[in-house]
Amino acid sequence: MIIKTEEKNGVKVYTVEKDYDDAKMEKKLNKFIKPDDIKKIIDHDADVYTNDGTLLLRFRKKVLNDKNVDAFYENIKKFAKNVSSNRGNATGSKKRDLANNPKVMSNIFGYFDRWSPAQKVNFRKWGKTPSVSVRECRFNQDYPEEYKKTIPLIRDVDQMYSKLVPDKYKLQRKKANQTLFKIPGTAFTTITTNMNYQTSIHTDKGDDPEGFGNLAVIERGEYTGGETCFPQYGIGVDVRTGDILFMDVHQPHSNLAIHKKSEDAVRLSIVCYLRLKVWERTANKTRKFYESHNKTVRKMRKLPE
């Protein structure tokens with residue numbers, strides 16, 4: 001709940017405290033939230049701190065470049081519609097069997113720290129596995145020109161990160177500068193896109209613990225809902241096209257259900273982050289290693305049946 005409200009330089013500054021303790025929060029993990037769970041939806045420039053002075057989130061309206069937003073969407077939209085069943089607890093599923101997990105339009109590009117099932121099969125055919133389990137994602141490989149056209153928006157997010165959360169950014173960018181396995185010119189190794197996907201209450205795992213999370217949204221058509229929420233604090237943020245939200249993704253969070261007002265409505269969320277294991281496994285590797293490793297991984301995708 002909000003216990004204090006101020007305004008500084010045109011930005012609302014909120015102080016919040018937990019509506020309930022961590023033990024109760026633990027029982028709510030992997031469940032979906034409802035509008036009644038959230039007391040305040042923020043739709044304006046705002047900073048939110050917990051009552052011990054820790055930054056929970058920082059939100060700014062209409063700060064991303066429209067041209068770069070549109071270019072990102074046009075070049076990712078087809079890929080972003082692919083479905084996946086390996087998004088785990090964020091789908092609300094408690095099953096370990098991927099075949100029975102909900103299929104959602106959630107995809108990654110950039111670099112990742114686990115082999116895909118198809119790659120594992122091909123490595124068995126080949127008789128060995130690359131020494132470093134980091135892979136260039138399929139979108140980068142199959143659609144290099146489209147991938148290049150997504151980068152300007154990612155760099156916009158990066159610039160806002162350096163401006164709005166400079167202490168966290170500095171720590172994360174230092175890591176990113178030590179590896180070639182990243183989105184060029186940014187503090188990020190990996191991008192996740194989620195299309196029309198309601199996540200259950202979860203905390204992010206695998207990202208840089210010294211960094212800070214972020215969320216941008218691209219919308220097409222009309223819908224209601226989808227607000228990004230911190231249920232333990234009873235607050236949410238209505239992130240729309242051109243907005244940027246920086247947030248502590250290690251606090252439980254989720255988004256409200258998305259209700260389409262037009263049949264073609266799209267809410268595409270974009271999350272940029274540094275995968276800690278990508279950095280750990282590739283820090284200070286040479287360009288020769290980078291090029292040779294990527295060439296090998298690409299070759300393994302083309303093994304004959």
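Here are a few things to note about the model shown:
- Amide H within-cut-off set for residue 13, under 5 Å, with H built and near neighbours excluded: 6, 7, 8, 47
- Take each peptide in 55-66, 288-299, count the other Cβ atoms within 10 Å of every residue, and average; sorted highest first, the result is 55-66, 288-299.
- Computed from phi, the 3J(HN,Hα) profile of region 161-168 under the Karplus parametrisation 6.51, -1.76, 1.60 (θ = phi - 60°) reads 4, 5, 7, 8, 9, x, 5, 5 Hz, with x in place of Gly and Pro.
- Of 125/288; 120/205; 182/288, those spanning more than 18 Å from alpha-carbon to alpha-carbon: 125/288; 120/205
- Counting only Cβ charges, +1 for Lys and Arg and -1 for Asp and Glu, the dipole size of region 2-300 around its Cα centre is about 1640 debye.
- The distance linking region 1-76 with region 180-209 is 18 Å (Cα centroid to Cα centroid, whole angstrom).
- Rg and Dmax of the chain, based on Cα coordinates, read 19.6, 64 Å.
- Fully extended contour minus Cα-Cα distance, from residue 264 to residue 9, at 0.36 nm per residue: 87.9 nm
- The calculated FRET efficiency for residue 74 paired with residue 298, based on their beta-carbon distance and R0 = 35 Å, is about 0.85.
- Other residues within the sphere of radius under 15 Å centred on the Cβ of residue 14, judged by their own Cβ, net out at -2 (K and R +1, D and E -1).
- Taking the C-alpha atoms only, the angle from helix 66-80 to the longest principal axis of the chain is near 60 degrees.
- Efficiency of FRET from Cβ geometry, residue 148 and residue 61, R₀ 35 Å, rounded to 0.05: 0.80
- Computed [θ] at 222 nm, helices only, for the chain once each DSSP H run of length n ≥ 4 contributes -39500 (n - 2.57): -9000 deg cm²/dmol
- Distant-in-sequence amide contacts of residue 223, defined by a placed amide H-H separation under 5 Å and a gap of 5 or more residues or a different chain, comprise 261.
- Calculated from backbone phi, Karplus (6.51, -1.76, 1.60) coupling profile of region 30-41 in Hz, x at Gly/Pro: 6, 10, 8, 8, 10, x, 5, 6, 10, 8, 9, 9
- When each of the peptides 173-185, 258-270 is scored by how many other beta carbons lie within 10 Å of its residues on average, the order from highest to lowest is 173-185, 258-270.
- Normalised by 2.2 N^0.38 Å, where N is the number of residues, the alpha-carbon radius of gyration of region 187-305 equals 1.33.
None of the figures in this text is laboratory data; all of them are computed from the coordinates on show. For clarity, every value in this text was computed on a predicted model and none was experimentally measured. When we count neighbours, we look across all protein chains shown, and the Cβ atoms used for this are built from the backbone with ideal geometry, even at glycine.
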